[in-house]
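Chemist: Supplied in structure tokens, the structure appears directly below.
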Amino acid sequence: MSNVYSADNAAWGKKLDSLVQRLSGRDFERPAGGPGWTVGGLLAHLAFYDYRALVILKKWETNAVGPSPLDVDVVNDALKPLFNAMAPDGIRRLVCEAAQAIDAAIDAMDPGLLAQIEKVGTPVRLNRAAHRGHHLAQVEKALPGSTPGKTS
């Protein structure tokens with residue numbers, strides 16, 4: 001099954017996988033995306049938010065769709081040192097697994113549940129591509145010899 005989000009999510013999932021697989025261990029330590037963030041930290045951030053969305057969607061499959069409040073700035077600031085400290089191999093695995101898992105869940109989602117989520121306007125982005133695109137551009141910009149705005 002697919003929906004309006006499937007193609008974009010899949011395309012950005014492939015870009016994410018391609019980028020992550022070509023990074024060296026040192027690339028994960030490069031500053032990227034703003035004060036205190038590293039390439040690895042941004043990628044771990046993506047994994048966290050994909051896993052968060054997956055957990056919420058699973059919850060909504062059996063419970064009513066509802067809000068799932070989160071103070072994004074507090075969560076990001078609290079997790080930043082943990083994300084930046086993660087080993088490259090762990091980040092590489094988790095960010096790809098998380099993207100594949102949430103994309104598969106969104107692709108398989110019952111159309112009725114999808115419509116409910118869109119109607120309620122909850123803080124879970126079913127378009128995972130937008131978040132990935134934003135951070136992959138930041139990662140690309142941090143890499144030596146990169147062309148800003150180009151994600152391969």
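The values are calculated or read from the model by the stated rules, or taken from the named source; none is laboratory data. Quick caveat: nothing in here was measured; it's all calculated off a predicted structure. Here the Cβ is made from the backbone with ideal geometry for all residues, glycine too, and neighbour counts use every protein chain on show.
Chemist: Given the criterion farther than 27 Å from residue 30 by Cβ and touching a residue at least 40 places away in the same chain (Cβ under 8 Å), identify the matching residue among 108, 142.
Modeler: 108 is the lone residue from the list that is farther than 27 Å from residue 30 by Cβ and touching a residue at least 40 places away in the same chain (Cβ under 8 Å).
Chemist: Sticking with this structure for a sec: Exactly one condition in (1) farther than 21 Å from residue 3 by Cα; (2) of a type in the set (Asp, Glu); (3) touching a Ser or Thr at 6+ places or on another chain (Cβ under 7 Å) is false for residue 107; which is it?
Modeler: The one condition residue 107 does not meet is (1).
Chemist: Which residue out of 43, 113 is touching a helix residue (DSSP H, G or I) at 6+ places or on another chain (Cβ under 6 Å), assigned to a helix (DSSP H, G or I) and either modelled with pLDDT under 95 or under 19 Å from residue 16 (Cβ atoms) (or both)?
Modeler: The unique qualifying residue is 43.
Chemist: Restricting attention to region 20-47, and to residues there that are among the polar types (S, T, N, Q) and surrounded by fewer than 23 Cβ atoms within 10 Å (Cβ to Cβ), which single residue is farthest from residue 100 (Cα to Cα)?
Modeler: 24
Chemist: Moving on. I'd like to verify a number: residues in region 46-75 that are assigned to a helix (DSSP H, G or I), of a type outside the set (A, V, I, L, M, F, W, C) and more than 25 Å from residue 18 (Cα to Cα), how many?
Modeler: 5
Chemist: From the list 50, 17, 89, 8, exactly one residue is loosely packed, with under 14 Cβ neighbours inside 10 Å and either touching a Pro at 6+ places or on another chain (Cβ under 6 Å) or among the charged types (D, E, K, R) (or both). Which is it?
Modeler: 89
Chemist: Given (1) assigned to a helix (DSSP H, G or I); (2) touching a residue at least 40 places away in the same chain (Cβ under 8 Å); (3) under 23 Å from residue 34 (Cβ atoms), where does residue 125 come up short, assuming only one miss?
Modeler: Condition (1) is where residue 125 drops out.
Chemist: Related question: State yes or no: is residue 103 more than 24 Å from residue 34 (Cβ to Cβ) and under 15 Å from the mean Cα position of the chain (by Cα)?
Modeler: Spelling it out, residue 103 is indeed more than 24 Å from residue 34 (Cβ to Cβ) and under 15 Å from the mean Cα position of the chain (by Cα).
Chemist: So is residue 73 within 17 Å of the chain's Cα centre (by Cα), surrounded by fewer than 11 Cβ atoms within 10 Å (Cβ to Cβ) and under 30 Å from residue 25 (Cβ atoms) or not?
Modeler: So residue 73 passes the test.
Chemist: Continuing with this model, one more query. Across region 3-20, what is the number of residues that are closer than 18 Å to residue 92 by Cα and of a type in the set (Val, Ile, Thr)?
Modeler: The total comes to 1.
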